[in-house]
Amino acid sequence: MFEHITPYAGDPIFALVDAFNQDARPQKVNLSIGIYFDEQGHLPVLQCVQEAERRILAEGGAKPYLPMEGEAACRTQVARLLLGEGNAALAEGRVATIQTVGSSGGLKVGADFLRTWLPDSAVWVSDPTWDNHRSMFEGSGFAVHSYPYYDSATGGLRFDDMLACLRGLPARSIVLLHACCHNPTGVDLTAAQWDTLIPVLRERELLPYLDLAYQGFGDGIAEDAHSVRALAASGLTFFVANSFSKSMSVYGERCGALSAVCASKAEADLVMGQLRYTVRRIYSSPAIHAARIVAHVLGDADLRAQWEDELAQMRSRMIEVRQALHAHVTRLRPGRDFSFLLSQRGMFSYTGLTAAQVDQLREEHAVYLIRSGRMCVAGLTQGNVERVAQALAEVF
Ligand code: KET
């Protein structure tokens, strides 16, 4: 029955985590998967999440199926978090938000929905992007192309080339954009660049599809949602898939959402109906514990304040280890420009290391990066950063 199937080569990110776990060398450092570790190298359980879970347990609620679109309180809080309190699109009922199984669930539900309702469209992703974007949209039956993004010569953005490419796309093309903390490069559009991009999206009648997996890891909760809020203010129709995996450190709970910001309430209602049907056909309904965590943390003033504080601490720590790595590696390799470590935002830095150099780092130094040269800076600590810098200085 199955002799003909081709072997799965494994996922480039998860396979590295397996290899790391099997590595017996005590000095090993995991800078591969996008997971935030604290200064002790532990995966934190945030205080706000622990308190939310205590309250959830104390409430002793039963565990019925959620509706296909997820829990109402969770969805309301998510929409407010993305768009900001009092946003006009929210007040006008133009936003359809569903709670999903992580943001991956949201991205996929959105992809299947779009394949049904915009069957002639193609998807455009940044070059490079998170590997799974291409797999997900191709898996839904789309042709996936890429637009220019990262400039390997400068370590910055090819913004003019990106705009030129988007200006040439057919109407209704789907443009996947990282809302903040671009994965894998850490190179984001500035607010001014978003304001230049949005009229192009409108003129060409393109459909922006935002991936917001790292809200609060860049500059702050509101700052990192600039693109979402600017698109909403412009009146464009767009999708945004957002995640709490990283920002609440709840990876395995699968907390995420998908929102469609539409032209009218009538359109949002239609979209909501078909999103519900899409969910029903894939996983039926999302996770109740995830809904309760998100609704408690975002909806309770004390827990919300605590979350914002803990999120700010994670953000600061990532900036501090970036600075420490930059200082060490610059001292060890004077004359070489490592300023990209400081200018790139969020969890990732794109080092420019070749796959062979990444292999050497892993084999000789037990330092794990993705083979694209992407480094998850959240795996650095003040305790391991000097050793990582020495390893980097050796292979560069
Ligand atoms: N979008 C982006 C851009 C992203 O980096 C991830 C995860 C996701 C979505 C999915 O997150 P979810 O937990 O489904 O809400 N990225 C890290 C882990 C992974 O590959 O799954 C990573 O890039 O390492």
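Please treat every number below as a calculation from the coordinates, not as lab data. Everything numeric here is computed off the predicted structure, so don't read it as measured data. All Cβ positions, even for glycine, are placed from backbone atoms using ideal geometry, and neighbour counts span all protein chains on display.
Find out how many positive minus negative residues lie around ARG276, taking Lys and Arg as positive, Asp and Glu as negative, among other residues whose Cβ is under 14 Å from that of ARG276.
Working: positive: ARG75, ARG280, ARG281; negative: GLU69, GLU71, ASP112, ASP269.
Around ARG276, the surrounding residues sum to -1.
Taking 0.36 nm per residue of separation and subtracting the Cα-Cα distance, what length does fully extending SER234 through ARG54 add?
Additional length available on full extension: 60.7 nm.
Out of LEU166, LEU16, LEU332, any idea which swings most in a Gaussian network model of the chain, alpha carbons joined below 10 Å?
Of LEU166, LEU16, LEU332, the Gaussian network model singles out LEU332 as fluctuating most.
Can you work out the PRE-style zone for ARG281? Point 7 Å along Cα to Cβ, and I want the residues of the stretch 96-130 with backbone N under 13 Å.
109-119
Would you mind calculating the gained length between ALA24 and THR190 on full extension (0.36 nm times residue separation, minus the Cα-Cα distance), in nm to one decimal?
Contour length minus the Cα-Cα distance gives 55.5 nm.
Take the chain, connect every pair of alpha-carbon atoms lying under 10 Å apart with a spring to form a Gaussian network, then pick out the residue of ALA295, ALA111, ALA88 with the largest mean-square fluctuation.
For the chain, modelled as a Gaussian network with Cα springs under 10 Å, the answer is ALA88.
Give the Cα extents of the chain along the principal axes, in whole Å, largest first.
61, 56, 55
For the residue pair PHE396 and ARG304, what label-to-label distance in nm results when each label sits 7 Å from Cα along the Cα-to-beta-carbon direction?
Once both label points are built, they end up 4.3 nm from each other.
For SER316 and ALA171, compute 0.36 nm times the residue count separating them, minus their Cα-Cα distance, and round to one decimal in nm.
Extending this stretch completely gives an extra 48.1 nm.
Please give the FRET efficiency for LEU163 paired with GLN323, using the beta carbon to beta carbon distance and R0 = 35 Å, rounded to the nearest 0.05. If you can, show how the numbers build up before the last one.
Values: r = 32 Å, r/R0 = 0.92.
Taking R0 as 35 Å, the efficiency between LEU163 and GLN323 is 0.60.
Can you sort TYR277, TYR65 from fewest to most other Cβ atoms within 10 Å of each residue's own Cβ?
Least crowded to most crowded, the residues run TYR65, TYR277.
Specify the residue with the greatest mean-square fluctuation among GLY273, GLY61, GLY155, computed from a Gaussian network of the chain linking alpha-carbon atoms under 10 Å apart.
The residue that fluctuates most here is GLY61.
What translational D, rounded to a whole number of µm²/s, comes out for the stretch 190-307 from Stokes-Einstein when the hydrodynamic radius is the Kirkwood one over Cα pairs, at 20 °C and 1.002 mPa s? Walk me through the numbers before you get to the answer.
Values: Rh = 15.9 Å.
Once the numbers are plugged in, D ends up at 134 µm²/s.
Kindly put HIS289, HIS42, HIS133 in sequence by how many other C-beta atoms sit within 10 Å of each C-beta, fewest to most.
Ranking HIS289, HIS42, HIS133 by Cβ neighbours within 10 Å, fewest first, gives HIS42, HIS289, HIS133.
What distance in nm separates the simple spin-label points at VAL17 and ALA62, each placed 7 Å from Cα in the Cβ direction?
3.5 nm
If you line up the Cα atoms of the stretch 253-396 on their principal axes, what length do they span on each, largest first, in Å?
Principal extents (Cα only, largest first): 60, 37, 30 Å.
Within a 10 angstrom radius of the beta carbon, how do TYR8, TYR36, TYR214 rank from fewest other beta carbons to most?
In order of increasing Cβ crowding within 10 Å: TYR8, TYR36, TYR214.
Taking the Cα centre of each part, how many Å lie between the stretch 360-396 and the stretch 118-182?
29 Å
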